[in-house]
Amino acid sequence: MSTRTNRPGQPFAGVLAFFRELGLLPNLILGAAVVVLIGLQIPAVVDGTGEAGEIARNILSCLALVGMGVGSYVAWPSRWNIPAHLQVAFAIPAYVLPLLGLDVFGTWDNDLVILYTRLVGYGFVAMTAGTLIGRVLVDRFFGEKREAAVRGLVVRAAVDAPRRVLVVSVASVIVLIVCFAVMGFVPALTADPGAAKFFKGIYHEPYEQVSIPYRFVTTLIPVLLPIVGVYAWTRRRKVWWIVILAATIGVMLLCLLREPAVSGALIALGVVLAYYKRFFIAYLAALIAVYVAGSALYVILALLGFSQYESVIKSGQNLMSSIASGAPDIPDQLKLLAAWLPNYELTLGRTFVGGLIPGNFEWNPSVWTLTTLNPTTDIEEIRSGGLRLPAPVWGYVSFDWVGAIVVALLSGVIIGILARGGARLLPGLSLETAAMLMVVYLAAVEVFPAFYRLSYLSVLGLILVLVLFFVRVPARWQRRRSGEPALSNGDVD
């Protein structure tokens with residue numbers, strides 16, 4: 001007969017062991033979620049009563065917004081989680097400066113700010129819980145055999161990846177140059193770059209002639225940039241990889257798509273540094289510097305004398321407000337809610353899938369946000385690509401509070417699953433193979449966790465990546481001579 005008994009402290013010890021196993025960074029994020037949840041129960045904080053209440057509300061909102069951006073750290077607290085590192089840098093101009101340096105809520109109706117604070121606060125708590133659930137699910141059901149099988153598939157796919165990436169990258173650059181020639185202008189070199197970037201006004205008709213190939217290659221190039229950058233490092237004795245890297249970044253900058261161009265190069269650098277376990281703090285500092293400078297780029301160009309960018313300078317702006325104006329996420333989200341609330345027309349999830357239809361479909365997430373803000377303006381005249389809304393806001397405008405919580409929770413679960421998969425698979429791979437898997441991960445997180453704002457471009461990007469890396473070419477199509485041994489991952493230049 002067994003005499004084993006459960007000691008009173010054993011369950012508590014098990015919980016402590018679980019959180020100890022998570023690590024410091026996940027526990028910090030979970031702790032921030034608890035702080036936000038407690039703060040939401042204090043009326044003086046949510047209402048911003050008095051100076052102390054306003055400061056506390058700004059801090060609470062900042063924790064929530066930053067936490068949703070870097071939530072994948074809960075499942076992947078590693079130097080390899082480069083997308084989360086980029087979100088840390090993005091949060092400085094987008095959230096930290098506006099909330100802690102400029103008091104962005106000060107000019108808005110307090111009831112609107114209260115709603116926004118609750119949306120992002122509860123959304124952060126739900127998303128963090130979902131990410132933790134996703135991590136636990138992967139650790140529970142993704143065993144060593146499945147991990148080995150997936151790792152083997154990735155390693156085999158990496159053998160042919162350099163040839164395919166080389167061909168597709170060169171072809172994409174050539175296609176984009178042809179598009180410039182057919183349109184008769186290059187967006188960055190026009191007299192009105194703001195209109196040219198979004199092909200408004202006089203730039204719309206020439207763009208229509210090349211819209212399909214233009215969109216196709218400007219979707220594909222950012223996806224491939226990280227692996228092109230890694231190849232430029234590992235195969236630097238072959239100058240053409242460096243030329244291709246410079247060309248792909250250059251054409252994206254000429255399209256005024258600076259964020260995907262720069263972030264692709266930064267991701268490549270992050271993969272290299274993570275592989276060699278070097279300069280992590282310096283890398284984070286460089287990311288922050290690049291994102292802060294990028295937010296004020298057009299202002300800097302105007303100050304340097306580029307007259308075509310003078311229109312972006314607003315009178316009375318100081319340096320901090322100029323930086324924050326480059327990532328106006330919070331003001332844009334408040335404007336959207338202010339414009340939407342009077343009519344309170346729930347989208348009922350139509351914006352979840354509206355982006356899968358090309359063109360200016362009314363339920364396309366970008367089109368919907370712009371027309372909600374500008375109901376009397378022709379969409380063709382609006383110089384914007386749409387607004388960035390966090391998951392709980394998309395859920396709220398679709399299904400009210402149920403949507404705000406459920407959408408954030410489900411998005412968190414998917415983020416947790418994907419991030420934990422990356423955490424399990426990436427370590428131990430060769431540098432080039434790790435870069436390839438990072439590209440797959442980046443394409444996947446643009447689709448699955450963002451199910452509430454699907455875009456045909458992001459779905460197309462994921463399909464292209466999967467086809468490029470994992471669809472095998474029939475043996476009779478290959479130029480290899482019969483009996484010639486396969487090349488290793490490092491043999492192809």
Starting from the 7 Å offset along Cα-to-Cβ, what nm value, one decimal, do you get for the label separation of residue 258 and residue 459? 3.3
Please order 378, 192 by the number of other Cβ within 10 Å, starting at the fewest. 378, 192
When 277, 197 are arranged by how many other beta-carbons sit within 10 Å of their Cβ, fewest first, they go 277, 197
Please work out how much length the chain gains when fully extended from residue 177 to residue 111, using 0.36 nm per residue of separation minus the C-alpha to C-alpha distance, in nm with one decimal. 18.8 nm
Between residue 24 and residue 289, what length in nm is gained on full extension when 0.36 nm per residue of separation is reduced by their alpha carbon distance? 92.9 nm
For a quick protection proxy, order the peptides 460-470, 63-73, 232-242 by their average other-Cβ count within 10 Å, most packed first. 63-73, 460-470, 232-242
Computed [θ] at 222 nm, deg cm²/dmol, the chain (DSSP H ≥ 4; -39,500 (n - 2.57); rounded to nearest 500): -21500 deg cm²/dmol
Got the relative contact order for the stretch 10-86 handy, in percent, Cα pairs under 8 Å and 6 or more residues apart? 31
Descending semi-axes in Å of the stretch 172-287, equivalent ellipsoid built from Cα gyration tensor: 31, 16, 10
Could you tell me the calculated FRET efficiency between residue 188 and residue 401, based on Cβ-Cβ distance and R0 = 45 angstrom, to the nearest 0.05? 0.55
Column: log10 I(q)/I(0), Debye, Cα scatterers of the stretch 33-152, q = 0.12, 0.20, 0.21 Å⁻¹: -0.52, -1.07, -1.15
Pair residue 356, residue 374: separation of 7 Å Cα→Cβ label points (nm): 2.8
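If you stretched the chain out fully between residue 44 and residue 145, how much longer would it get, using 0.36 nm times the residue separation minus the C-alpha to C-alpha distance? If you can, show how the numbers build up before the last one.
Numbers: separation 101, 0.36 × 101 = 36.36 nm, distance 5.28 nm.
Roughly 31.1 nm would be gained on extension.
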Ordering 438-446, 181-189 by per-residue average of other C-beta atoms within 10 angstrom, highest first, gives 438-446, 181-189
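Can you tell me the relative contact order of the chain? Whole percent, Cα pairs under 8 Å, sequence separation 6 or more.
Computed over the chain, the figure is 22 percent.
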Hey, quick one: spin label on residue 339, modelled 7 Å out along Cα-Cβ, who in the stretch 72-108 has an amide N within reach, i.e. under 16 Å? none
Among 194, 465, 104, the residue whose Cα sits farthest towards the positive end of the charge dipole of the chain, when +1 is placed on the Cβ of each Lys and Arg and -1 on the Cβ of each Asp and Glu, is 465
When the convex hull of its Cα atoms is projected in every direction, mean area for the stretch 344-398 (nm²): 3.7
Relative to the compact globular guide of 2.2 N^0.38 Å, what is the alpha carbon radius of gyration of the stretch 22-474, as a ratio? 0.98
Per-residue HN-Hα couplings for the stretch 136-148 [Karplus 6.51, -1.76, 1.60; θ = phi - 60°; Hz; x = Gly/Pro]: 5, 4, 5, 5, 7, 10, 9, x, 5, 5, 5, 4, 5
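No lab work stands behind these numbers, since they all come straight from the coordinates. Bear in mind the structure is a predicted one, so any value in this text is a computation, not a measurement. Reconstructed Cβ throughout: ideal geometry from the backbone, glycine too, with neighbour counts over all protein chains shown.
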